[in-house]
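Here's the structure we're looking at; comments come further down.
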Amino acid sequence: MTRSLPRPRPQAGALKRLCVYFSRLSAGRAALWCYLIWYLTMSAFYFEPAPRLWLTSIGVSAIVGLAFLLSVHSRGGARQDRWQIFRLFLIPFCVSSFSALVKDRGFFLVFSPRLDEDALALGLCLAFLVLAGLARQTDAA
């Protein structure tokens, strides 16, 4: 009877690439990740299943994202990668849907009127930054 060696799990390679990505995050990209964490946290608390809200946000995203894309390409700069293009459309989607979700709910700027919701979002952002910092230290070692 022959024994075969265990095959490496594909998830291990993906996890390694993710750790390397987070270890090399610039401050600007870390801030974008924190924005996304804040958006997702608040969206979870104030989610509305209304299709009109989400379709409007997709429409705003398409119009503004295309304008961003045209402004970036018209400057003759280097070609953007797919993730950068994705962000050009994601950010207007998040802004418009966030605005619609929190309308008339007592928010001050992007802060919830409930301290526990703000604390959770802030805690998740800090946890992310700590994990990214740990990944950076591990990668440097």
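Quick one: what pairs do we get from the stretch 9-38, first residue surrounded by 13 or more Cβ atoms within 10 Å (Cβ to Cβ), second of a type in the set (Val, Ile, Thr) and modelled with pLDDT under 90, C-beta under 9 Å, 6+ apart or different chains?
Note: pairs meeting the criteria are Cys19/Thr138; Ser23/Thr138.
Taking only pairs six or more apart or across chains, which ones have beta-carbon atoms under 6 Å, a first residue in the stretch 40-57 that is of a type in the set (Phe, Trp, Tyr), and a second residue that is surrounded by fewer than 15 Cβ atoms within 10 Å (Cβ to Cβ) and at pLDDT 95 or above?
none
Take Val72 and tell me if it is modelled with pLDDT under 95 and aliphatic (A, V, I, L, M).
So Val72 fits the description; yes.
Give the residue that is nearest to Val20 (Cα to Cα), with candidates limited to residues of the stretch 101-135 that are in a helix (DSSP H, G or I) and more than 19 Å from the chain's Cα centre (by Cα).
Here the residue is Leu134.
Does the stretch 69-88 contain any residue that is over 29 Å from Leu25 (Cα atoms), in contact (Cβ under 8 Å) with a residue 12 or more places away in the chain and either out of contact with any Leu (no Cβ under 7 Å at 6 or more places or on another chain) or not β-branched (Val, Ile, Thr) (or both)?
Checked against the condition, which is being over 29 Å from Leu25 (Cα atoms), in contact (Cβ under 8 Å) with a residue 12 or more places away in the chain and either out of contact with any Leu (no Cβ under 7 Å at 6 or more places or on another chain) or not β-branched (Val, Ile, Thr) (or both), the stretch 69-88 yields no hits at all.
The values are calculated or read from the model by the stated rules, or taken from the named source; none is laboratory data. All of these numbers come straight from a predicted model, not from anything done at the bench. All Cβ positions, even for glycine, are placed from backbone atoms using ideal geometry, and neighbour counts span all protein chains on display.
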